[in-house]
Amino acid sequence: MSLAGLAPDVPLHLATIFGTDQGGLRLSGAFLAEGKRLRQPCFLVAAGNDLRRYERALGSLDGIEVVHFEGGTTGAAIAHWEDRFAEAVANGATLIRVVGEMASERTMFGNEEEMLRYEEAFEVMCRRYPVAVLCQYDARQFDGVALLRALKAHPDLFGLRLGSFLL
């Protein structure tokens, strides 16, 4: 797997921070398209305009499972991923791809604090699976404190060229 011109190790849990719709698709669109082409399990957590942006960019979401956490809690979301990841590994997956549009996820959790707690818990849980995860933060929709917490919840960024993930 190549990402932003790098060949990072898996498991991988990264945050991208973008300021335009085009920037928001620069890495994640190619990341999902490659996963579809290689028939790897791909998940997209998005809703509304975020979801439509991916539909337009990829032409089709065939081969990508769209995930929603309506009224979700951290515990329920982590349990969902544990089930999905375990199933994919049991079916022979050696790489599982996930893109989470965090502005969409914030609405699925009901509030930003719950979403950020989920991010912190996800960071611990995902280490047991062969996952590559891009958590997409639209800088137009999050304040500085939320973005700082997001960076702290994605320590994999600090071993890579951080600038490659600021879009």
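The values are calculated or read from the model by the stated rules, or taken from the named source; none is laboratory data. What you see is a predicted model, and the numbers here were worked out from it, not measured in a lab. Here the Cβ is made from the backbone with ideal geometry for all residues, glycine too, and neighbour counts use every protein chain on show.
Tallying residues that are over 22 Å from CYS42 (Cα atoms) and either assigned to a helix (DSSP H, G or I) or touching a Ser or Thr at 6+ places or on another chain (Cβ under 8 Å) (or both) within the range 117-149 yields 7.
Just one of the listed residues (ARG97, ARG26) is within 13 Å of the chain's Cα centre (by Cα), closer than 24 Å to LEU157 by Cα and among the charged types (D, E, K, R), and it is ARG97.
The requirement of being surrounded by fewer than 19 Cβ atoms within 10 Å (Cβ to Cβ), in contact with a Ser or Thr (Cβ under 8 Å, 6 or more places away or on another chain) and assigned to a loop (DSSP other than H, G, I, E, B) is fulfilled somewhere in the range 5-19, by at least one residue.
For the range 116-146, taking the residues that are of a type in the set (Asp, Glu) and more than 22 Å from ASP50 (Cα to Cα), the one that is surrounded by the fewest Cβ atoms within 10 Å (Cβ to Cβ) is identified as GLU120. A single entry from GLU82, GLU113 fulfils the requirement of being outside any strand (DSSP E or B), free of Cβ contacts under 8 Å to residues at least 40 places away in the same chain, surrounded by fewer than 20 Cβ atoms within 10 Å (Cβ to Cβ) and not small (Gly, Ala, Ser): GLU113. Here the condition is being at pLDDT below 95 and of a type in the set (Asp, Glu); of ASP83, ASP9, it holds for ASP9 alone. Surrounded by 13 or more Cβ atoms within 10 Å (Cβ to Cβ), of a type in the set (Lys, Arg) and touching a Cys at 6+ places or on another chain (Cβ under 6 Å), is that true of ARG97? So ARG97 passes the test.
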